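Each remark here refers to the structure printed beneath this line.
The values are calculated or read from the model by the stated rules, or taken from the named source; none is laboratory data. All values reported here derive from a predicted model rather than from experimental measurement. Backbone-built Cβ (ideal geometry, glycine too); neighbour counts: all protein chains shown. Accessible surface is based on the protein model in full, side chains and every heavy atom, while ligands, DNA and RNA are left aside. Shrake-Rupley method; radii C 1.70, N 1.55, O 1.52, S 1.80 Å.
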Amino acid sequence: GFLLKFLGEFAKERKEKVTVTFGTLFLTFSIAHIAGVDELLSTMTVGITLVNSYKRSFEFVAPIENYIEDAVFTLFFVVGSAFLNVVLLVKYLPLVGAYILARFFGKYLGSFLGGVLTNALDVVKKYLVFIL
């Protein structure tokens, strides 16, 4: 994130900022892969660091959001699911089902209590969980 911030000072045009952004993310992904740590979490950390340390981070985010956001999300989920071990998922299906149910009820309880504490409309308290 700090490297992206530093290199961004030299990038004046939008296309240069996009190039620097993708270059930094690919570099981060590669280093994380070589180091044996989670690649997606590493690249997300770059974004978190940039946004929280640079007041003009919107200069990096806006071009991506406006022009190539869909491609980035597609790439993110393709890479993320490429390493999914379906055999392992089926092996632990009861545990996976319990996890999904626990998440649903946790989100339901959290959204309902949040709605109660903020005096939200009944329709919000009732249906917010399905949006999450």
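Just a few scattered comments:
- Failed condition for PHE22, given (1) at pLDDT below 80; (2) open to solvent by less than 90 Å² (accessible area, probe 1.4 Å); (3) not charged (D, E, K, R): (1)
- Matching residues in segment 52-95 - criterion: being of a type outside the set (Gly, Ala, Ser), open to solvent by less than 80 Å² (accessible area, probe 1.4 Å) and either under 25 Å from GLU13 (Cβ atoms) or touching a residue at least 12 places away in the same chain (Cβ under 8 Å) (or both): TYR54, GLU59, PHE60, VAL61, PRO63, ILE64, ILE68, GLU69, VAL72, PHE76, VAL79
- For segment 111-132, the tally of residues that are of a type outside the set (A, V, I, L, M) and within 30 Å of VAL86 (Cα to Cα) stands at 1.
- Cβ pairs under 6 Å, 6+ apart, first in segment 21-33 and hydrophobic (A, V, I, L, M, F, W, C), second part of a helix (DSSP H, G or I): LEU25/THR43; PHE29/GLU39; PHE29/THR43; ALA32/GLU39; ALA32/SER42
- Taken residue by residue, segment 39-51 has no member that is of a type outside the set (A, V, I, L, M, F, W, C), surrounded by 13 or more Cβ atoms within 10 Å (Cβ to Cβ), outside any helix (DSSP H, G or I) and in contact with a helix residue (DSSP H, G or I) (Cβ under 9 Å, 6 or more places away or on another chain).
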